[in-house]
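The values are calculated or read from the model by the stated rules, or taken from the named source; none is laboratory data. Keep in mind that what you see is a predicted model, and the values were worked out from it rather than measured. For neighbour counting, all protein chains shown are included, and Cβ atoms are generated from backbone atoms with ideal geometry for every residue, glycine included. The protein model used for the area step is the full one, side chains on, heavy atoms only, and it has no ligands, DNA or RNA in it. Shrake-Rupley method; radii C 1.70, N 1.55, O 1.52, S 1.80 Å.
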Amino acid sequence: AYDANGAELASWSTASNATYQFAAQASGAYYVEVTGAMNTGQYSLELTQTASSSSGYETEDNDSIAKADSVASGSAVLGQLSSYTDSDYYVLNVTGAGLVTIDFLEPTSNNFSTYDLSAYDANGMELASWSTASDATYQFAAQTSGAYYVEVTGAMNTGQYSLELTQTASSSSVYETE
């Protein structure tokens, strides 16, 4: 799927009937390309638009800390890696020291490929990183108030995932620091 400027918003691969979604961030033209290396048979394609807010969906181009999508504590966002080299960044602005919990739900179509998640502080210093091939929950310490970032990557994954970041306020003295 592409926007009017030709920027890739999402890509998928399937060998069977499937339904996919992407968020249209603004009115205008969007394009879907269908290709198949060995396929010459007939297929059916239906495109539908559902009018709704795009909040709760990641936006492209959120491939760096500077372009991170802002998320509210405790609110899930649906994301999708637009290509095998895509990175999705999210920022949670915490109000004080405490613990940040990451709830990650992988796509049901994942074929045991891993997703990589990394947490960064406001200066871009990596605080922690994880790899998962299933739904997972992770935590890291927020030492002070401010912006904290989470990056999602996955070399073989382009399915839609869910990410929820939740802040729990507490003293930072009870958590390990890097």
Over the range 132-157, the set of residues among the hydrophobic types (A, V, I, L, M, F, W, C), more than 14 Å from ASP63 (Cα to Cα) and touching a Gly at 6+ places or on another chain (Cβ under 7 Å) is ALA142
Do any residues in the range 16-29 that are open to solvent by 60 Å² or more (accessible area, probe 1.4 Å) have Cβ atoms under 7 Å from those of residues that are modelled with pLDDT under 70 and not hydrophobic (A, V, I, L, M, F, W, C), where the two are at least six apart or on different chains, and which pairs are they?
GLN25/SER54
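Could you tell me whether the range 124-144 includes any residue that is outside any strand (DSSP E or B), free of Cβ contacts under 8 Å to residues at least 60 places away in the same chain and among the aliphatic types (A, V, I, L, M)? Quick ask: steps written out before the conclusion?
Here is the first cut: in the range 124-144, the residues outside any strand (DSSP E or B) are 124-125, 133-135, 143-144.
Filter once more, so that each one left must be free of Cβ contacts under 8 Å to residues at least 60 places away in the same chain: 124-125, 133-135, 143-144.
Now drop any that are not among the aliphatic types (A, V, I, L, M), which leaves 125, 133.
Checked the range 124-144: at least one residue is outside any strand (DSSP E or B), free of Cβ contacts under 8 Å to residues at least 60 places away in the same chain and among the aliphatic types (A, V, I, L, M).
I need a count of the residues in the range 148-170 that are within 17 Å of the chain's Cα centre (by Cα) and not in a loop (DSSP other than H, G, I, E, B). Break it down into steps so the answer makes sense when it comes.
At the first step, the residues of the range 148-170 found to be within 17 Å of the chain's Cα centre (by Cα) are 148-166.
From the residues that got through so far, the ones that are not in a loop (DSSP other than H, G, I, E, B) too are 148-153, 160-166.
Total meeting the criteria: 13.
Can you tell me which of THR48, THR35 is at pLDDT 80 or above, β-branched (Val, Ile, Thr) and not in a strand (DSSP E or B)? Break it down stepwise before answering.
On the way: THR48 fails: at pLDDT 80 or above.
That would be THR35, the only listed residue that is at pLDDT 80 or above, β-branched (Val, Ile, Thr) and not in a strand (DSSP E or B).
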I want to confirm something. Restricting to the range 90-123 and keeping residues that are of a type in the set (D, E, K, R) and assigned to a loop (DSSP other than H, G, I, E, B), which single residue is farthest from LYS67 (Cα to Cα)?
GLU106
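In this structure, does GLN42 turn out to be closer than 30 Å to GLY74 by Cα, open to solvent by 100 Å² or more (accessible area, probe 1.4 Å) and either modelled with pLDDT under 70 or more than 20 Å from the chain's Cα centre (by Cα) (or both)?
On the way: closer than 30 Å to GLY74 by Cα: no; open to solvent by 100 Å² or more (accessible area, probe 1.4 Å): yes; either modelled with pLDDT under 70 or more than 20 Å from the chain's Cα centre (by Cα) (or both): yes.
Taking the combined requirement at face value, the residue does not satisfy it.
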